[in-house]
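First comes the structure, then the notes that go with it.
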Amino acid sequence: MNSLGKTLLRFWNSSIGKKLIVAITGLMLVGFLLGHMAGNLLIFQGREDLNDYAEFLHHMLHGWGIWFARIGILGAFVLHIVATVSLVQQNRAARDSRYSCDATVQAPTSSRIMIWSGLTVIAFVIFHIFHFTVRLDPDLAAMKDPSDPARHDVYGMVIAGFQNPLVVLFYIVAISLLCSHLSHGIASVFQTLGLRTVKTRVAIRNLGLGIAVLLWIGFLSIPFLVAVGALEEPATPAAASAPVIEAAKS
Amino acid sequence: MNLTLKVWRQSSPNATGRIETYEAKNIPSEASFLEMLDIVNEGIIESGGDPIHFDHDCREGICGACSLAINGVPHSKESGITTCQVHMRKFREGDTIWIEPFRARAFPVIKDLIVDRSAFDRIIAAGGFIDVRTGSAPEANAIPIGKEDADTSFDAATCIGCGACVAACKNASAMLFVGAKAAHLNILPQGHTEKDHRVLAMVRQMDAEGFGNCTNQYECEAVCPKEISADVISKLNRDYAAAAVREAVAD
């Protein structure tokens, strides 16, 4: 093995090295979430703006851009999970016996359910990709922009997708757990990167909480406004065939 | 005071341990926690039983020998003190108190409430020192050190190596201990020369001993009898990352 390979292996095998990988990949994923939320919020600008944005994503860098982004995000996501699972295994082995009288002094609940909030987010991401990216539902896949039938109607798809109460419930639970995960995770990134000091610790904690709350409001505002009927209904033939939309129209 | 004690009893390192119940009767409220155990042990010895074994030495919060988890919290829920500084007036008449050893794979139980904390000694031996020429003490002001650095280093140096940080951590991580010991020396000019070697060697020894990883819950900080801040863990992370990069470049 060459020296670079040895260095990387040594880094991966060290507790702090693996945590640094979790922190850096976590930071990348937070960046993606902020961008994703900002893009999603274009739905409030109307059908044309959101569909323009979706079209831009699919055509930037001659269609390669979205694949570079997807591969990067997937790589960070997988590395984040693999490193975390390895750390959790080591942690459980290190604390091989429990106190008969167990107590917690100051660890917040969000920090104690990180693995469970993380696993829920993994399940949600898989569902979300099949729901809105792969579009297994043929009604959602067939939606076309009324002003430009050559392109997909992302706006209509989102509104139609959130007509199912079970989808909305799963979305609310997953986003809430994601934000719980981030409320601890973002501050942890700064600690792991060695940036938390006596001068920065309050600001870092508030930054983590602030970003988590911002993402929670931003992501959940969409199904909420769909539920209260504040967004324009999808008006494509495929969407009109959906029974829930029919009921809403009648 | 009359109390009920739920005490971990384990006859040897490989024996199966169990919780046993003892009645602690007529305990003076001004007694320390360890004195209360002494009184209970006198009763056990008089009745021909095997007394409860527990670690202790100075009994004034300096040595770091006492190592009990009281109601699931190392050194009890009182902040900034060791077990020997806990007094019975902090409990109420009729209380049930759970007394267990510090729990971590790297701290195996020797007997009852006594655990083997020699893993800490091996971490110190790996790099928690400064190579200096022995002889008479140097002149105190020969190397100027800023007040802030001196204070930060001193705060880290107050670690007594009791192991409460490991015992409180949900992952049995020793990051607060290693962070304090490394920061104590890394901040000072005398320790700066060997900083990279120190951090890499101590962290690798910590990993080899089977301690867990820090998940930034700061339970360690909350129970530390010397109230050492988790900021030393942040510094350890920073120093380790820089040392690892410099080591990779040098390879």
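Could you list, in sequence order, all residues of region B:219-228 that are open to solvent by less than 40 Å² (accessible area, probe 1.4 Å) and within 10 Å of chain A (Cβ to nearest Cβ)?
First, the residues of region B:219-228 that are open to solvent by less than 40 Å² (accessible area, probe 1.4 Å): B:219-220, B:222-225, B:228.
The answer is B:E219, B:C220, B:A222, B:V223.
Condition first: away from chain A (no Cβ under 11 Å) and open to solvent by 50 Å² or more (accessible area, probe 1.4 Å). Can you find one or more residues in region B:180-189 that meet it? Even if it seems obvious, please write down each step before you answer.
So in region B:180-189, the residues away from chain A (no Cβ under 11 Å) come out as B:180-189.
Cutting the leftovers down to open to solvent by 50 Å² or more (accessible area, probe 1.4 Å) gives us B:184, B:189.
Checked against the condition, which is being away from chain A (no Cβ under 11 Å) and open to solvent by 50 Å² or more (accessible area, probe 1.4 Å), region B:180-189 yields at least one hit.
Mind checking whether some residue in region B:91-98 is β-branched (V, I, T), within 12 Å of chain A (Cβ to nearest Cβ) and surrounded by fewer than 21 Cβ atoms within 10 Å (Cβ to Cβ)? Talk me through it step by step, then tell me what you get.
Within region B:91-98, the first condition is being β-branched (V, I, T), and the residues that meet it are B:96-97.
Among the residues that remain, those that are also within 12 Å of chain A (Cβ to nearest Cβ) are: B:96-97.
With surrounded by fewer than 21 Cβ atoms within 10 Å (Cβ to Cβ) added as a condition, the list becomes B:96-97.
Yes, there is a match, as at least one residue in region B:91-98 is β-branched (V, I, T), within 12 Å of chain A (Cβ to nearest Cβ) and surrounded by fewer than 21 Cβ atoms within 10 Å (Cβ to Cβ).
Inspect region A:116-123 for any residue being open to solvent by less than 40 Å² (accessible area, probe 1.4 Å) and within 14 Å of chain B (Cβ to nearest Cβ) and give the result as yes or no.
Looking for residues that are open to solvent by less than 40 Å² (accessible area, probe 1.4 Å) and within 14 Å of chain B (Cβ to nearest Cβ), one finds at least one in region A:116-123, hence yes.
Would you check if B:C159 is hydrophobic (A, V, I, L, M, F, W, C) and more than 14 Å from chain A (Cβ to nearest Cβ)? It would help to see each step written out before you state the result.
Numbers: hydrophobic (A, V, I, L, M, F, W, C): yes; more than 14 Å from chain A (Cβ to nearest Cβ): yes.
Yes; evaluated as a whole, the condition is true for this residue.
Between a residue in region A:188-211 that is closer than 21 Å to A:I21 by Cβ and any residue that is basic (K, R) and crowded, with 17+ Cβ neighbours inside 10 Å, which pairs come within a Cβ distance under 8 Å, given they are 6 or more apart or on different chains?
A:F190/A:R196; A:T192/A:K19; A:L193/B:R238; A:G194/B:K235; A:G194/B:R238; A:L195/B:R238; A:I204/A:R196
If you check B:E30, B:E35, B:E42, which single one turns out to be part of a loop (DSSP other than H, G, I, E, B) and either open to solvent by 30 Å² or more (accessible area, probe 1.4 Å) or not assigned by TED's automatic domain parsing to the domain that holds B:F177 (or both)?
Details: B:E35 fails: part of a loop (DSSP other than H, G, I, E, B); B:E42 fails: part of a loop (DSSP other than H, G, I, E, B).
When all the criteria are applied, what remains is B:E30.
Among (1) open to solvent by 40 Å² or more (accessible area, probe 1.4 Å); (2) facing chain B (nearest Cβ under 10 Å), where does A:R95 come up short?
All conditions pass for A:R95, except number (1).
On the basis of being within 14 Å of B:V86 (Cβ to Cβ) and either touching a His at 6+ places or on another chain (Cβ under 6 Å) or buried (at least 16 other Cβ atoms within 10 Å of the Cβ) (or both), does B:R9 make the cut?
Numbers: within 14 Å of B:V86 (Cβ to Cβ): no; either touching a His at 6+ places or on another chain (Cβ under 6 Å) or buried (at least 16 other Cβ atoms within 10 Å of the Cβ) (or both): yes.
So B:R9 fails the test.
Which condition number does B:N141 fail, the rest of (1) open to solvent by 80 Å² or more (accessible area, probe 1.4 Å); (2) more than 14 Å from every other protein chain (Cβ to nearest Cβ); (3) closer than 22 Å to B:G210 by Cβ being met?
Looking at each condition in turn, B:N141 falls short on (3).
Rundown of residues vs (1) more than 10 Å from chain A (Cβ to nearest Cβ); (2) at positive phi; (3) open to solvent by 30 Å² or more (accessible area, probe 1.4 Å); (4) free of Cβ contacts under 8 Å to residues at least 24 places away in the same chain, yes/no style:
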position: B:T193; (1), (2), (3), (4): yes, no, yes, yes
position: B:V203; (1), (2), (3), (4): no, no, no, no
position: B:M206; (1), (2), (3), (4): no, no, no, no
position: B:G212; (1), (2), (3), (4): no, no, no, no
position: B:N216; (1), (2), (3), (4): no, yes, no, yes
position: B:A230; (1), (2), (3), (4): no, no, no, no
position: B:V245; (1), (2), (3), (4): no, no, yes, yes
position: B:D251; (1), (2), (3), (4): no, no, yes, yes
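The values are calculated or read from the model by the stated rules, or taken from the named source; none is laboratory data. Remember, predicted model here, so these are calculated numbers, not experimental data. A quick note on method: Cβ atoms are made from the backbone with ideal geometry, for glycine too, and the neighbour counts reach across all protein chains shown. Note: accessible area is taken over every heavy atom of the protein model, side chains too, but ligands, DNA and RNA are not part of it. Shrake-Rupley method; radii C 1.70, N 1.55, O 1.52, S 1.80 Å.
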